[in-house]
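Take a look at the structure below.
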Amino acid sequence: MTLVYDVRTLFFVGSLTALACALMLWQSRGLHAPSAMALRWAAGSQLMFGVAMACIALRGAIPEFVSYPIANTLGGGAAALCYESVRRLVGARPLPWLAAGTTVVLLAVSVMLGADPDLFAARLQVNSAVQAVFATAAVPLLRARLRRGDDAPRALRWATGFMTAFALGHVLRMIFTAVRGAPVSMTGMVEGPLLMLLPAVFALAPMAYAMILLGLVNSRLSTELWRLATVDTLTGLRTRRSFIDEARRELAAQGRPVLLMLDLDRFKQINDRHGHASGDRVLARFARLLREASPEAAVIGRYGGEEFCLLLPDTSPEGGHAHAQRLCEAVRRIDHGLSAPVTVSIGLACGSDGGTLEELLLAADRRLYRAKATGRDRVVATDGPLSPDTEPMPEAQPAADTVPAGLRS
């Protein structure tokens, strides 16, 4: 028994699916600002594709001299808009004129071919060729973005596979049409399970692409939210919470840690005299110095305000002290173009001060406060008494462990 069905029913379902996907993509444009334009173009592509399939589904109810040009024009135009959405998604130079030009040319060709039944296969060939070209052109863009690196590599691979399969499907349809004629008759009837599969794939393709696109945007959004939670936007270092989490992991895996707590001296005066923009530049340069001057295994974070933490795993107290001294000297040499040089005070704690991160932070914080109280621009690694030739601690200052982090001048 030969299986026969009316393909118009499938295209009607596909039309509703594409229109629903267009609405979903349009509503999602505010989720991720960098992908907003890509989502707008993708929504336009789905809208055009949905209307094109509706024209096919309503063939008979709409005059053929109207439905054929609209379906062919919007089908190819949808592929052009989809290609533009891919360009914007991967950060390539936008080519909006290409989509507009393609739509105009397709409209002219469709009007020229008209509704002649003898040219039905030719219309299918033109439509498939346009969609295959744009899908093929999107593949190298996606692959290039994968090579450069992206926040959502898995979704990009899915998008690359989808575009490749979509282009291959249209090439196969062109070959089939050239050899055996149009797979769909003028009446919309299709015979055989194999021929049923081809229209079904093309009708459901918009939903598949919309799901892949939204998955990609969601992956990028999740990565950016994670980055905002773990990376300080000004300095590029770890945030306080991220530093604590990573430092605990390092302490569990490594022995002999050294913790440095660093605070830029008189930073409030820099902001007051030179403005917060100058203060931000000082923080960014200091963070860059910490990254460049510290070992690769070091864990570095902005602990709060102008205060930073540096964990040196598997380091002796002597090695940590020498590293801290080098940092002090390097900070003095940086020319910030300010009225006075920028210096840093450092408190050092090591494994003998405790086995937990909290104990190390408490010891380093006490010694940082002592470095501030004894003249700044120095490293303090012990809790011993102040030497006679150092600046005495002001009487009005509270105890070290009551001073909030990031509020020292």
Looking at segment 206-213, is at least one residue closer than 30 Å to residue 128 by Cβ, of a type in the set (Ser, Thr, Tyr) and outside the structural domain of residue 336 (by TED's automatic domain parsing)? yes
Sort through 125, 131 and tell me the only one that's over 34 Å from the mean Cα position of the chain (by Cα) and modelled with pLDDT of 80 or more. 125
If we keep just the residues of segment 344-389 that are farther than 20 Å from residue 250 by Cβ and of a type in the set (Asp, Glu), which is modelled with the highest pLDDT? 377
Could you say which residue among 113, 146, 142 is of a type in the set (A, V, I, L, M, F, W, C) and at pLDDT 90 or above? 142
Take the residues in segment 251-267 that are in contact with a strand residue (DSSP E or B) (Cβ under 8 Å, 6 or more places away or on another chain) and over 16 Å from residue 320 (Cα atoms), then tell me which one is surrounded by the most Cβ atoms within 10 Å (Cβ to Cβ). 263
Lone unmet requirement of (1) at pLDDT below 90; (2) assigned by TED's automatic domain parsing to the domain that holds residue 325 for residue 264: (1)
Regarding segment 40-55, can at least one residue be identified that is surrounded by fewer than 17 Cβ atoms within 10 Å (Cβ to Cβ) and under 33 Å from the mean Cα position of the chain (by Cα)? no
Is there a residue being out of contact with any Cys (no Cβ under 8 Å at 6 or more places or on another chain), loosely packed, with under 14 Cβ neighbours inside 10 Å and of a type in the set (Asp, Glu) anywhere in segment 106-129? yes
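Test residue 274 against the criterion of being buried (at least 16 other Cβ atoms within 10 Å of the Cβ), in contact (Cβ under 8 Å) with a residue 24 or more places away in the chain, under 18 Å from residue 364 (Cβ atoms) and more than 31 Å from the chain's Cα centre (by Cα), and give yes or no.
The answer is no for residue 274.
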Just a yes or no: is a residue in segment 71-83 modelled with pLDDT under 85, of a type in the set (A, V, I, L, M, F, W, C) and either touching a helix residue (DSSP H, G or I) at 6+ places or on another chain (Cβ under 6 Å) or farther than 19 Å from residue 17 by Cα (or both)? yes
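The values are calculated or read from the model by the stated rules, or taken from the named source; none is laboratory data. Values in this document were obtained by computation on a predicted structure and should not be read as measured data. Here Cβ is always computed from backbone atoms with ideal geometry, including for glycine, and neighbour counts include all displayed protein chains.
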